[in-house]
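Working notes for the structure below.
The values are calculated or read from the model by the stated rules, or taken from the named source; none is laboratory data. Only a predicted model underlies this, so the values are computations on that prediction, with no experimental measurement involved. Heads up, the Cβs are rebuilt from the backbone with ideal geometry, glycines too, and the neighbour counts pull from every protein chain shown. SASA here: full protein model, heavy atoms, side chains in, ligands and nucleic acids out. Shrake-Rupley method; radii C 1.70, N 1.55, O 1.52, S 1.80 Å.
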Amino acid sequence: MMKTMQPRIIPREEHGISRKQISPNALRTLYRLHDNGFIAYLAGGCVRDLLLERTPKDFDITTDAAPGQIKRLFRNCRLVGRRFRLAHLHFPNEILEVSTFRAAAPPDGEKTGETDHNQYPRHLKDEDGMVLRDNVFGTPEEDALRRDFTINALAYNIADFSVIDYSTGLSDLTQRLIRPIGDPFVRFTEDPVRMIRAVRFAASHDLVIEPAAWEILCELSSTITRAAPARLYEEMLKLFMLGSARPVFPLLEASGLLDALFLGLSKKLHGNGDLRKALQTNLECLDRLSRRGLPPSPALFLAALFGPGLEEEALARHRDGIPHQQALDAACAVFLEGFCKIVCIPGRVGGQLRRILAFQPLLHRMPPRRPSSLVSRPDFADAMSYLYMMAKTGEKDKTALEWWNLFLSEAPSAIPSEPPTDESPAKRRRKRRRRRRPAAQAAV
Ligand code: ATP
Ligand code: MG
């Protein structure tokens, strides 16, 4: 059993969080829980971001109300998760996550045999100490201390508008430090994805990983491949598509995470200054798209990272006498098969990557054949962004880019307002519309 610690409570007058910064839905939810006699906190990344005067991506709420009690209080509640039940409150413009305080996995050696009603152990680690299962309700303190970093373990209490700190989150935030809660070796072993989260927060929030934790992260970086490939894909998207791809790259490289995740790429970069520069330019382009509110598609991020190498590979096969498209298909298939063992790329995204690259010769043909029909293809915007990146890095000459930019500016009617689809119009209407990157903005 974890020993109880007195938290540091920072009263309203001594911190900068104002209720005006909190989403009205989150605020109403906190009040409703509180008015019904439950503890209600904002918790995790949103408290960190509010203290740093950043806009939180989402507002997470923790409470001592059990999932069933939350469901009875909120009509818009859906319970999700098979073992650890979380409540999702659905509002027209956001989904709020409300979770019951949760306990940490006990340290190695402690009894882990408690079982839930299905007779599954609630805490389970593998032989190396990685947590396989971790689902039991706990106290507010346990809930804070099971989190990854001290700055992510702060809570905002709606009862008196105070901030609660069970570890050293506030002083670490002031010193701009990312520090795992507890022993970094244990915490990175329990969940290797925390290493990726550490470098992501360092890059996106301009923070520094605490030196002793950084050393251990470097030591353990090769164990990142023990995380589930599907989860690594999700983390990869967050690393490269949220606007800090460029600053995160050196941290990935220095820590050894790049080597573990994309072995081929890391090897190619050694001693190849041109490729390194091209990659940096591509990552800057991805970040610029994100900053403009047009986050790059997963396939474009893959093309930015791996496209030049794949094109080179395809060219080598083509020189051996294989037709160009076939050579490209083969190069993409070999790459995806190897990469998917570590990071699970969905088949659909792999297909889009191949099409972005296959599009390039059509864009480079001068003058292009039936340009308006090329514009209406679904991958046109991504293919243009890739063309732009390659022209900017000097990998390809700029003639094609200039031709297409002129064409699109003179014939905006050629730009489709909707991606073409084979689905019936009725089916299409039911789908939620997503903001589509206009082709004219393909040039990043
Ligand atoms: P972002 O701004 O990217 O959403 P975040 O800190 O809110 O950052 P989330 O993935 O939304 O990140 O997670 C919410 C909170 O859950 C975190 O702040 C942290 O307290 C906790 N958390 C998330 N992932 C882990 C993990 N792997 N191990 C321990 N705690 C975690
Ligand atoms: Mg979050």
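Observations
- When the trypsin sites (Lys or Arg not before Pro) in the range 297-406 are filtered for DSSP coil states and for at most 14 other beta-carbon atoms within 10 Å of their beta-carbon, the remaining sites are Lys341, Arg365, Arg369, Lys398.
- Whole-number D in µm²/s for the range 3-96 (Stokes-Einstein; Kirkwood sum over Cα pairs; 4 °C, 1.567 mPa s): 89 µm²/s
- Working from the Cα coordinates of the range 177-262, the gyration tensor eigenvalues give, after taking √(5λ), semi-axes of 17, 16, 11 Å in decreasing order.
- Neighbour cut-off at most 15 other Cβ (10 Å), DSSP loop, chymotrypsin sites (Phe, Trp or Tyr not before Pro), the range 15-111: none
- Accessible area (Å², 1.4 Å probe, nearest 10) - Ser99: 20 Å²
- Rel. contact order, % - alpha carbon contacts under 8 angstrom, at least six apart, the range 177-262: 36 percent
- Note on the range 333-405: with charges restricted to the Cβ of Lys and Arg (+1) and Asp and Glu (-1), its dipole about the Cα centre is near 200 debye.
- One Cα centroid belongs to the range 298-354, the other to the range 217-241; the line between them spans 21 Å.
- Taking the convex hull of the alpha carbon positions in the range 322-405 and averaging its projected area over all directions gives 6.3 nm².
- The string of couplings for the range 49-66 from the Karplus curve (6.51, -1.76, 1.60, θ = phi - 60°) is 5, 5, 5, 8, 6, 10, 7, x, 6, 8, 10, 9, 10, 10, 7, 8, 5, 6 Hz, one whole number per residue in order, with x for Gly and Pro.
- Per-residue HN-Hα couplings for the range 279-290 [Karplus 6.51, -1.76, 1.60; θ = phi - 60°; Hz; x = Gly/Pro]: 5, 4, 4, 4, 5, 4, 5, 4, 5, 5, 4, 4
- Simple Cβ-charge dipole of the range 1-88, Lys/Arg +1 and Asp/Glu -1, about Cα centre, in debye nearest 20: 480 debye
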